[in-house]
Amino acid sequence: MGTAAIEVRGLWKIFGPKADRIIGSPDADLEPAQLRAKTGCTAAVRDVSFEVRPGEVFVVMGLSGSGKSTLVRCLTRLIEPTAGELRIDGQDVRAMSAKQLRELRRHRVSMVFQHFGLLPHRKVVDNVGYGLEIQGVGKAERHEKARRILSLVGLGGHEDSYPEQLSGGMQQRVGLARALAVDPEVLLFDEPFSALDPLIRRDMQAEVIRLHREVGKTMVFITHDLSEALKLGERIAIMRAGAIVQVGTPEELVGAPADEYVADFVRDVPRAQVLSLRWICRAPEPGEPLDGPELPADTVIHDAVPAAMASDRPIRVVAGGELVGVVSRVDLLGAVRPEPQPVAAAASAGATGEEA
Amino acid sequence: MVSAPVQVAPPVEAPARARRLPRWVAPVAGVVAVVVLYVAFRGKAVLPHDDDATLFHWLNDARDWVDANRNSSPIFLYVVNYIRLGAAGVYEAIQAGLVALGWPGLLGLAAGLGWLAGGWRIALVSFAGFAGVGVLGFWEASVETLALTLSSVVLSLLFGIPLGIWAGRSPRVRRIVTPVLDVMQIMPTFSYLSPMVLLFLIGPASATIATMIYAMPPAIRITAMAIQRVSGVAVEASESLGATGWQTLGKVRLPLALNTIMLGVNQTIAAALSMVPLTALIAAPGLGEDLLRALARVNVGAALVPGVAIVLIAIVLDRMTRAAAQRREGGTRARAVRWGGFAVLTAAGLALLPVLAQDFPEQWEVQIVRPINDVVDWIEAHWYTFTGFLNDVVAYGLLNPLQDVLTNAPWWLVTAAVLVFAWRVSGAAAGLVATACLLCVAGLQLWEHAMETLTMVLVASVITIAAGLALGVAAARSRWFAAGLRPLLDAAQTMPSFSYLLPAVALFGNGRFTAITASFIYAVPVVARLVEDGLRAVPGTVMEAARSAGSTDRQLLWKVQLPMARGSLLLAANQGIVMTLAMVVIGALVGAGALGYDVVAGFAQQEDYGKGLAAGVALVLLGVMLDRITQGANGRRSPHKKRNA
Ligand SMILES: Nc1ncnc2c1ncn2[C@@H]1O[C@H](COP(=O)(O)OP(=O)(O)OP(=O)(O)O)[C@@H](O)[C@H]1O
Ligand SMILES: [Mg+2]
């Protein structure tokens, strides 16, 4: 699988003394709380594996303390992983020397932080140009580039302000511009919009979607906000207590949650807007009329409503010219109903859901 | 919607950057201009020193007038003389009390107070410290020094704490008091002495008052801060229950502020102990007398022993008050144990009083003057190539050339250079104040000596700041290094200032380089600590962001940490320079000459009094000037200014 932009295999991060001894020992299977009680070490990332395709937006989400920040920092070894394999563009990151690692951070992977991490003593333009400056790019060139990127993120005209003169949303645009300025292959976001209020957050999410469309970078996006994850993510990984519980498209997570934890996570998702007909179609019952409207299998349920309204015949769901099943009005209504069905014991899982 | 900017702000006009000159042009042009003017006008418009300047005679006459009218002028009869009597009364009462305790009683009381403040450890420290003073053979002189210190501290607190409370409660008072305290803290110790002699004559009363004034600023400042910091919620709760202002003060504010105020007491005592030995110059009794006499004869051993005695007293008082500041109220049981222990220890000491001799037993004293002098002689004999070399490098390589330039440059050139430099670094107001100070120094007829002092200060502070910066950076980057440095720095900050002269004298004998070395040892810990704290205060989020962009350690330091710690660095420079000045002046005691020597000579020779007084004032002006120049911490070019405003 040499084509993956990021490839993570069996990654571990354990904070604490003699952390490396724990891996491979029976202690490694303990829950983090038990492990901490027993050894004093905190397992923040536990045996995590995933791949990110070039150009993909990969979202990692989970509750606070589930290890998201630690995981994303391990990717460029801002936090040194305890064990595991880590490849970016096929190159082994863990084997890199300090110099190679710096080159990786300088040219290929940039990061956007929750608390911006801007340099208060530099103007906006010099903040954006920081990455270029430490690469040794000349002043004229980096200012030129910084200006271009600033107008790309909608901050043209603010080059000579200082960060503290900008609002939170604008500061995060500077953070974004700084990450983009070095023209990296991969962008890492650690809850970049958590510190912003909801309206600005929505603007910024739109901004990221737009940028992704325009510049097409590979992105790893950390969030604890499900709607943000659904909006941005092509695939979403759900983390719990340091481990990835499930990886999949929004549809897969909503349609087939791997366990109660995930089900609980996606419980409030408006299913009609996420699930496609593929998830609810069934084989036609004998005698059912098959002359209803025809819709592709990846049509979102919500978008199937007009067709169902227009005709009282079951909708015929097709994929690749083949009939895969039918969906009646009753099926549609059943899918839109608020309580999700795949998990029978949803009531008992409610307790964990409160924490979110 | 997609790319809507968050907030529409008018775009900033792009300045015409192409035509702007590079930033280094102005400073370089300034330096070139100064050099050219210096070469052209060297030796012209200089202000050579004249011991017979009219101002000095005029001041002598003023002194004579005061002496003649001391017992007739109403100001003296009804105000000044009473102040003097009051101070003398406090001193004599405390001194008599300490003497009456006798050495066993005092040791018992010290141990008891130590127990009260911080348990058996502090009791042991107090006992051992005071016993050590006796063992060194300086019991009586130490009691005198202790009496002087305690009386001035008592008076400082008596005035300082109420003033601090007032300043803490009233912003207006704070606004008036703060600049005064700022100047007081810049003033070198010597400057306090000459005016005291004029008003209160020489002797312990005068010394008590001088020390009291010198030691008061920390008491006021820290009390004000403590009162201000008392939680608003607690005060509100008290007021909501209908407490009067005084009740709230007595039952909420003061108790909550008490531990911090105790820190103020600690600082006040430290300041007093820096001053008290120097008051021997105005005929105050105590360890300072022995110390100064020995320094005058360059007898390092004889100076070191009373010096160590003062340091011991400083350590005991510091530990005691610091422990008291950290103390937490325990239950009734704990309180009983504390006071019981205190009573037992004190009573034990007093009970031994009739049994034991009145004087500290001579057979317990150890003589270490001779061995110390042997060591010093050995150092001189074996290290001379090294110490002499260092001395010569600094003297011929730095001091002499710089002094040559400063004293031979026209006075207007020096003044203009100071004006422009201060303006650039700290803004117009600072520039004007600095220039005014310098012009006043010229007006005091002490230009040449002031330039000599300035030379030493500049050389010493450059060395100090460079070393402090290096140490601070190293400490900020290596936890190991920091852990090793901390206790050293802590210890250094308990030592009374002049005690730094002693190792310097032991190594380098008398002279300017000794003063510079002493300033260096005195100021480096503070500079290093401020630098380290500033670098460590850079937020981790910013550091992480910079690291994730691929910065090297060096780039992190130069592009992120140092610029962001700008305020702390300027403060470090400021403190370094002010402390250096304080020490260089005291360096007159070990042959550093210049203004400090003028002050000292003013006490020794009747006819030099005027010059000494003027020199004291010149030192204050020099201090204010140096302080203003380096006050860029709140200067104009920092982007942080808006936030602080
Ligand atoms: N430097 C550290 N030393 C010790 N433990 C740490 C360290 N950093 C993180 N941890 C622990 O690792 C676990 C995961 O932390 P992490 O910051 O990765 O969580 P997170 O998912 O990003 O949470 P949040 O949503 O609150 O940011 C936590 O239990 C945390 O206490
Ligand atoms: Mg996090």
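Within segment A:128-135, is even one residue of a type in the set (S, T, N, Q), within 27 Å of the chain's Cα centre (by Cα), within 10 Å of another protein chain (Cβ to nearest Cβ) and within 30 Å of A:Arg87 (Cα to Cα)? Scanning segment A:128-135 turns up no residue that is of a type in the set (S, T, N, Q), within 27 Å of the chain's Cα centre (by Cα), within 10 Å of another protein chain (Cβ to nearest Cβ) and within 30 Å of A:Arg87 (Cα to Cα). Residues in segment B:34-61 that are part of a loop (DSSP other than H, G, I, E, B) and acidic (Asp, Glu): B:Asp50, B:Asp51, B:Asp52. Taken over segment A:234-247, residues that are more than 15 Å from ligand 1 (Cβ to nearest atom) and more than 11 Å from the chain's Cα centre (by Cα) amount to 1. With the condition kept exactly as written, say whether any residue in segment A:179-196 is without any contact (Cβ under 8 Å) to a residue 40 or more places away in the chain, out of contact with any Pro (no Cβ under 8 Å at 6 or more places or on another chain) and either assigned to a helix (DSSP H, G or I) or not assigned by TED's automatic domain parsing to the domain that holds A:Asp225 (or both). No: zero hits.
Of the set (1) in contact with a His (Cβ under 7 Å, 6 or more places away or on another chain); (2) farther than 20 Å from A:Ile6 by Cα; (3) within 16 Å of ligand 1 (Cβ to nearest atom), all apply to A:Val125 but (3). All but one of (1) crowded, with 23+ Cβ neighbours inside 10 Å; (2) more than 16 Å from ligand 2 (Cβ to nearest atom) hold for A:Ala83; state the number of the condition that does not hold. Against the list (1) crowded, with 23+ Cβ neighbours inside 10 Å; (2) more than 16 Å from ligand 2 (Cβ to nearest atom), A:Ala83 comes up short only on (1).
Residue by residue, here is whether (1) surrounded by fewer than 22 Cβ atoms within 10 Å (Cβ to Cβ); (2) over 15 Å from the mean Cα position of the chain (by Cα); (3) part of a helix (DSSP H, G or I) holds:
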position	(1), (2), (3)
B:Met184	yes, no, yes
B:Phe190	no, no, yes
B:Leu193	no, yes, yes
B:Ile202	yes, yes, no
B:Met216	no, no, yes
B:Ile220	no, yes, yes
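Scanning segment A:136-152 for residues that are surrounded by 21 or more Cβ atoms within 10 Å (Cβ to Cβ) and within 27 Å of the chain's Cα centre (by Cα) yields a count of 3. Just one residue in the set B:Gly112, B:Gly164, B:Gly160 is surrounded by 21 or more Cβ atoms within 10 Å (Cβ to Cβ), of a type outside the set (A, V, I, L, M) and either outside any helix (DSSP H, G or I) or more than 26 Å from the chain's Cα centre (by Cα) (or both); that residue is B:Gly112.
Annotation: of all residues in segment A:186-233 being of a type in the set (Asp, Glu) and either within 22 Å of A:Leu63 (Cβ to Cβ) or at pLDDT 90 or above (or both), the one that is farthest from ligand 1 (Cβ to nearest atom) is A:Asp197.
The criterion of at least 1 residues that are within 13 Å of ligand 1 (Cβ to nearest atom) and either touching a Gly at 6+ places or on another chain (Cβ under 9 Å) or closer than 17 Å to A:Ile222 by Cβ (or both) is met by the following strands (runs of 3 or more DSSP E) wholly inside segment A:12-95: A:42-52, A:57-62. B:Leu150 meets the conditions (1) among the hydrophobic types (A, V, I, L, M, F, W, C); (2) modelled with pLDDT under 85; (3) crowded, with 19+ Cβ neighbours inside 10 Å in every case but one. The failed one is (2).
Note down all Cβ pairs under 7 Å where the first residue falls in segment B:414-429 and is in contact (Cβ under 8 Å) with a residue 12 or more places away in the chain and closer than 12 Å to B:Ile629 by Cβ, the second is acidic (Asp, Glu) and in a helix (DSSP H, G or I), and they're at least six residues apart or on different chains. Pairs that qualify, where the first residue is in contact (Cβ under 8 Å) with a residue 12 or more places away in the chain and closer than 12 Å to B:Ile629 by Cβ and the partner is acidic (Asp, Glu) and in a helix (DSSP H, G or I): there are none. Being of a type outside the set (Lys, Arg), touching a helix residue (DSSP H, G or I) at 6+ places or on another chain (Cβ under 8 Å) and not in a helix (DSSP H, G or I) holds for only one residue in B:Gly132, B:Gly137, and it is B:Gly137. When the residues of segment A:153-195 are narrowed to those that are within 16 Å of ligand 2 (Cβ to nearest atom) and surrounded by fewer than 20 Cβ atoms within 10 Å (Cβ to Cβ), which ends up farthest from the other protein chains (Cβ to nearest Cβ)? Among residues in segment A:153-195 that are within 16 Å of ligand 2 (Cβ to nearest atom) and surrounded by fewer than 20 Cβ atoms within 10 Å (Cβ to Cβ), the one farthest from the other protein chains (Cβ to nearest Cβ) is A:Ser194. Of A:Val59, A:Val52, A:Val8, A:Val45, all but one fail to be away from ligand 2 (no atom under 16 Å from the Cβ), within 19 Å of A:Arg240 (Cα to Cα) and either more than 14 Å from chain B (Cβ to nearest Cβ) or among the charged types (D, E, K, R) (or both); the exception is A:Val8.
In summary, A:Thr3 fulfils each of the numbered conditions (1) β-branched (Val, Ile, Thr); (2) within 16 Å of ligand 1 (Cβ to nearest atom); (3) assigned to a loop (DSSP other than H, G, I, E, B) with the single exception of condition (2). Which members of segment B:550-579 meet the condition of being crowded, with 22+ Cβ neighbours inside 10 Å and in a loop (DSSP other than H, G, I, E, B)? Answer for segment B:550-579, where residues must be crowded, with 22+ Cβ neighbours inside 10 Å and in a loop (DSSP other than H, G, I, E, B): B:Gly550, B:Ser551, B:Ala565. Annotation note: of A:Ser66, A:Ser25, the sole residue that is surrounded by fewer than 18 Cβ atoms within 10 Å (Cβ to Cβ) and in the same structural domain as A:Ala237 (by TED's automatic domain parsing) is A:Ser25. B:Leu399 satisfies every condition listed in (1) surrounded by fewer than 17 Cβ atoms within 10 Å (Cβ to Cβ); (2) touching a residue at least 60 places away in the same chain (Cβ under 8 Å); (3) closer than 30 Å to B:Val34 by Cβ except (1). Only one of the listed residues (A:Leu35, A:Leu104) is under 30 Å from B:Leu562 (Cα atoms) and more than 16 Å from ligand 2 (Cβ to nearest atom). That residue is A:Leu104.
The values are calculated or read from the model by the stated rules, or taken from the named source; none is laboratory data. Just so it is clear, the structure is predicted and the values come from calculations on it, not from any experiment. Heads up, the Cβs are rebuilt from the backbone with ideal geometry, glycines too, and the neighbour counts pull from every protein chain shown.
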